[in-house]
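A.B. asks: Mind looking over this structure? Questions follow.
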Amino acid sequence: MVIEKKQLIEEVKRVLQEVKDPEIPSISIVELGMIESVHIEGALASIQAKPTFVGCPALDIIKKNIVSAVKKVHGIEEVEVKYVYHPPWTTDSISQEGKEKLKVYGIAPPPSKHTPGEPWEIDCPYCGSTYTTMENIFGPTACRSILYCRSCKNPFEAMKPVANI
Ligand SMILES: [Zn+2]
């Protein structure tokens, strides 16, 4: 039985929804805007992904997770994952749904409009207050920072904005 190529691409995209960022388990790499393209050639799936934050150690893990997820798709035997740097990933690539999930996880989504050099204004993911302070620019990973909400007294994490350079 020949499976339609288009159908295969849809199926591959569907399983990619299940691949999570290892550091933020509630959000998928699709929601993060990491998937640039999916190509199918026979039984080979070629996936182009955009790395999120430079310096994030998770890229190898994500690659492995993509390969094992996509290999489960019926009709796919080989999976190739390439990281592409152009066009660059920016925090604007995160889908609206992805941003909501970040909030649920206690991570403030990056501000959508950010001018490099300007301080960024971040809403507390718990109460929405903008009365927040930067506690530690170096969070647990290179991609996140620790902030503190002065309204509800909760510490929270924020993703650092990455702008098009
Ligand atoms: Zn708050």
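A.B. asks: Can you pull the Kirkwood radius for segment 2-83, inverse mean 1/r over Cα pairs, to one decimal in Å?
C.D. replies: 12.7
A.B. asks: So what's the net charge close to residue 11: Lys and Arg +1, Asp and Glu -1, counting the other residues with Cβ under 11 Å from its Cβ?
C.D. replies: Neighbourhood net charge equals +3.
A.B. asks: If the convex hull of the alpha-carbon atoms of segment 1-40 is projected onto planes in all directions, what is the mean projected area in square nanometres?
C.D. replies: 3.1
A.B. asks: From the phi of every residue in segment 144-160, what ³J(HN,Hα) in whole Hz does the Karplus formula 6.51 cos²θ - 1.76 cosθ + 1.60 yield, where θ is phi - 60° and glycine or proline is x?
C.D. replies: Those phi angles translate into 10, 10, 9, 10, 9, 8, 7, 7, 9, 6, 9, x, 8, 9, 10, 7, 6 Hz.
A.B. asks: Once you keep just the Cα pairs under 8 angstrom separated by 6 or more residues, what percentage relative contact order results for segment 2-83?
C.D. replies: Contact order relative to length: 32 percent.
A.B. asks: Please sort by residue number the GluC sites (Glu not before Pro) in segment 66-96 whose DSSP state is loop and whose Cβ has at most 11 other Cβ atoms within 10 Å.
C.D. replies: 77
A.B. asks: Starting from the Cα-Cα distance between residue 67 and residue 4, subtract it from 0.36 nm times their residue separation and give me the gain in nm to one decimal.
C.D. replies: 20.6 nm
All of the numbers you see were taken from the coordinates with simple rules; none came from a lab. Model, not experiment: these values are computed from the prediction. Neighbour counts run over all protein chains shown; Cβ positions are idealised from the backbone, glycine included.
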